[in-house]
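Enquirer: Shown below is the structure under consideration.
The values are calculated or read from the model by the stated rules, or taken from the named source; none is laboratory data. All figures in this text were calculated on a predicted structure; none of them were measured in a lab. Backbone-built Cβ (ideal geometry, glycine too); neighbour counts: all protein chains shown.
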Amino acid sequence: MKRVLVLAVAWLVLFAAPVASQTKRRSTQKKPTTTFAEKQQAEIRAGREQIAAQIKNLTQFLYLYGGVSKGVEIAERAKGNRDESIAAMSPEQIGQSKAKMRDSIASVRAGLDKLESSFRLNPVLQSYYPSLAGVARIAQTAETQAAAGSFDQAGRSLIATVNKLTDALIALR
């Protein structure tokens, strides 16, 4: 009797499961479809974010650059006048500061090169590339000016870069 009961329970369990699963309705979940226009808008948004990040980085850099550049200028003037009243930097410190400024401008230029490349190589952003083209060249000019010791002029060139980036950001609607 126990065997029959165990077999009956086992039979119910084995054959009830497929019946229950066969009676369930299968629902197909619709995957969210992303249209080409939505993908384009996402690429454009990403491009705007890249430009905005460069503008933020560059303006913060320029704020710091101005202070360091002015400090180097004052230290050189004090050294040239042999003015001991101003806490002057040593010639080594002046050289190190100039080298750091030149290296920083080179890093800025590299970031702008990367930004230009990302727009030039992205099919969605290529139409906006003309408004961005040349920012790395302006930064290259600033790098050359800094190498020649014209740090004030290099700063002005970097400000022109910010202006061009801002214009490009406006063009990306």
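Enquirer: Given the criteria over 30 Å from residue 37 (Cα atoms) and buried (at least 17 other Cβ atoms within 10 Å of the Cβ), does residue 59 qualify?
Expert: No, not satisfied.
Enquirer: When residue 140 is evaluated against the numbered criteria (1) closer than 14 Å to residue 47 by Cβ; (2) more than 18 Å from the chain's Cα centre (by Cα), which criterion, by number, is the only one it fails?
Expert: (1)
Enquirer: Another one. Quick check on segment 63-72: of everything there that is surrounded by fewer than 18 Cβ atoms within 10 Å (Cβ to Cβ) and of a type in the set (A, V, I, L, M, F, W, C), which residue is modelled with the highest pLDDT?
Expert: 64
Enquirer: Based on this model, can you work out whether residue 123 counts as part of a helix (DSSP H, G or I) and exposed (fewer than 14 other Cβ atoms within 10 Å of the Cβ)?
Expert: no
Enquirer: Return the residues of segment 32-61 that are touching a residue at least 12 places away in the same chain (Cβ under 8 Å) and of a type in the set (Ser, Thr, Tyr); say none if nothing qualifies.
Expert: 59
Enquirer: Still on this structure, please answer the following. Answer with yes or no whether residue 144 is in a helix (DSSP H, G or I), in contact (Cβ under 8 Å) with a residue 40 or more places away in the chain and surrounded by fewer than 17 Cβ atoms within 10 Å (Cβ to Cβ). Can you show your working first?
Expert: Working: in a helix (DSSP H, G or I): yes; in contact (Cβ under 8 Å) with a residue 40 or more places away in the chain: no; surrounded by fewer than 17 Cβ atoms within 10 Å (Cβ to Cβ): yes.
Against the criterion (in a helix (DSSP H, G or I), in contact (Cβ under 8 Å) with a residue 40 or more places away in the chain and surrounded by fewer than 17 Cβ atoms within 10 Å (Cβ to Cβ)), residue 144 does not qualify.
Enquirer: Please verify whether segment 81-91 includes one or more residues that are on the phi > 0 side of the Ramachandran plot, modelled with pLDDT under 90 and loosely packed, with under 12 Cβ neighbours inside 10 Å.
Expert: Yes: segment 81-91 contains one or more residues that are on the phi > 0 side of the Ramachandran plot, modelled with pLDDT under 90 and loosely packed, with under 12 Cβ neighbours inside 10 Å.
Enquirer: Checking the conditions here, which among 129, 65 is over 15 Å from the mean Cα position of the chain (by Cα), assigned to a helix (DSSP H, G or I) and under 14 Å from residue 165 (Cα atoms)? If you could, list the steps in order and put the result at the bottom.
Expert: Values: 65 fails: under 14 Å from residue 165 (Cα atoms).
The conditions single out 129.
Enquirer: Another question, if that's okay. Counting just the residues of segment 92-106 that are among the polar types (S, T, N, Q) and surrounded by 14 or more Cβ atoms within 10 Å (Cβ to Cβ), which one comes out modelled with the highest pLDDT? Working first, answer last.
Expert: Taking segment 92-106 and keeping what is among the polar types (S, T, N, Q), we get 93, 96-97, 104.
Next cut, surrounded by 14 or more Cβ atoms within 10 Å (Cβ to Cβ) only: 97, 104.
Working: 97: 90, 104: 94.
Checking each candidate, the answer is 104.
Enquirer: Any chance segment 140-160 includes a residue that's modelled with pLDDT under 95, in contact with a Ser or Thr (Cβ under 7 Å, 6 or more places away or on another chain) and within 20 Å of residue 73 (Cβ to Cβ)?
Expert: Looking through segment 140-160, at least one residue is modelled with pLDDT under 95, in contact with a Ser or Thr (Cβ under 7 Å, 6 or more places away or on another chain) and within 20 Å of residue 73 (Cβ to Cβ).
Enquirer: I need the full set of residues from segment 147-173 which are surrounded by 16 or more Cβ atoms within 10 Å (Cβ to Cβ) and not in a helix (DSSP H, G or I), in order please.
Expert: 172
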